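The values are calculated or read from the model by the stated rules, or taken from the named source; none is laboratory data. Note that the coordinates shown come from a computational prediction; the quantities given were computed from them, not determined experimentally. Glycine gets a Cβ as well: all are built from the backbone with ideal geometry, and neighbour counts include every protein chain shown. When the accessible area is computed, the model is the full protein with side chains, heavy atoms only, and any ligands, DNA or RNA have been set aside. Shrake-Rupley method; radii C 1.70, N 1.55, O 1.52, S 1.80 Å.
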Amino acid sequence: MKISDEQLLKILKAEETDATSYHNSELAKSQEEAIKRYYGDAYGDEAEGRSKVVMKDLQTTIQWIMPDLMRTFRASGELITVASESPEDDAPIMASKSKVDIQAAYLEHVMFKDNKGAIVIHDMAFDGLLNRVGVARVAWKDPDSKPPRIIEGVVPEQLQKYTADQQYKILEAEEAENGAFNIKVQYTPRMGKALIEGVPSEEFAIKRTSKSIEESDYHRRKRKVFVADLIRQFPDAAARLRERKKIAGEDD
């Protein structure tokens, strides 16, 4: 059954209210208290002339656990594995490595070379121990255009290479001395990359009846972003919004 945008928005608002109220009532208070105990903040009921020492048992316990926990993840030879779907997947095809071995090695490269995998695992484990919620996010990041740069003294052969390469966009060009050119180019990688990053626990909320993210009907990440970043990420939507405001006579 299809639902209208208004009905969908109403459902999402109800789910957001439920998830936010659960976070604020059940988790936020315990997380705030855990952070105070971790840093040894005063309880506020100290008496004058009596000891004000606050033990940092929670900090000591977490710092004692974290090294062994990280070693468990990093030293494991099966941290990233790929399940075979047929006997051919387990047959050696290159340097005694099977298809699934090569795929697992590539995923490990994406995790720890293309991304800061060790830091992501550390932060997720630390948040889980301290804040009772440890979350990491995996997404596809479209290629970002690099800032334009000026290249001087480009000979015709080099200019032709820049023109033929779709990753480069020539914004300006002027002829210089000796048949060379001064150009202003912008580089945009041909492909994006897999993005793996930790999610701050205060930005994450989930439906109160959920047992896991996989089984949850609703979970979200809410964070503040700059308007300029949204315009750069969704240029078409920004253009449509400006057009509607122009028609309505509103300020940009």
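Summary of values
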{"read-out": "Accessible area of the chain belonging to carbon and sulfur atoms, whole % at 1.4 Å probe", "value": "53 percent"}
{"read-out": "In Hz, Karplus ³J(HN,Hα) per residue of region 187-193 (6.51, -1.76, 1.60; θ = phi - 60°; x = Gly, Pro)", "value": "9, 10, x, 5, 10, x, 8"}
{"read-out": "Rg to Rh, two decimals, where region 10-79 supplies the alpha carbon set and Rh follows Kirkwood", "value": "1.21"}
{"read-out": "Residue-averaged 222 nm ellipticity for the chain, from DSSP H runs of 4+ at -39500 (n - 2.57), nearest 500", "value": "-13000 deg cm²/dmol"}
{"read-out": "Between region 111-190 and region 47-100, the alpha-carbon center distance in angstrom", "value": "31 Å"}
{"read-out": "Proximal lysines relative to Lys52, as straight alpha-carbon distance under 21 Å, when same-chain residues fewer than 8 apart are discounted", "value": "Lys36"}
{"read-out": "Per-residue ³J(HN,Hα) for region 57-71, Karplus 6.51 cos²θ - 1.76 cosθ + 1.60, θ = phi - 60°, Hz, x for Gly and Pro", "value": "4, 5, 4, 4, 5, 5, 5, 6, 6, 4, x, 5, 5, 5, 5"}
{"read-out": "Rotationally averaged projected area of region 100-182 (alpha carbon convex hull; nm²)", "value": "9.4 nm²"}
{"read-out": "Spin-label pair Glu197/His109, simplified geometry with 7 Å Cα→Cβ offset, distance in nm", "value": "2.4 nm"}
{"read-out": "Unsatisfied cross-links (Cα-Cα over 23 Å) in the set Lys222/Lys246; Lys13/Lys207; Lys29/Lys207; Lys141/Lys169; Lys141/Lys184", "value": "Lys222/Lys246; Lys141/Lys184"}
{"read-out": "J(HN,Hα) series, region 16-25, from Karplus relation 6.51 cos²θ - 1.76 cosθ + 1.60, nearest Hz, glycine and proline x", "value": "5, 4, 5, 5, 5, 5, 5, 4, 5, 8"}
{"read-out": "Relative contact order, percent, the chain [alpha-carbon distance under 8 Å, six or more residues apart]", "value": "17 percent"}
{"read-out": "Region 105-231: relative contact order as a whole-number percent, Cα under 8 Å and 6+ apart", "value": "28 percent"}
{"read-out": "Zero-based 10 Å bins, Cα pair distances in region 102-252, whole percents", "value": "9, 21, 24, 23, 15, 6, 1, 0"}
{"read-out": "Sequence of His23, His122 when ordered by accessible area, the most exposed leading, probe 1.4 angstrom", "value": "His122, His23"}
{"read-out": "Accessible surface, per residue, of region 95-252 when the full set of protein chains is kept, probe 1.4 Å, Å²", "value": "74 Å²"}
{"read-out": "Cα gyration tensor shape for the chain, rounded if a/c is under 1.5, else prolate or oblate", "value": "prolate"}
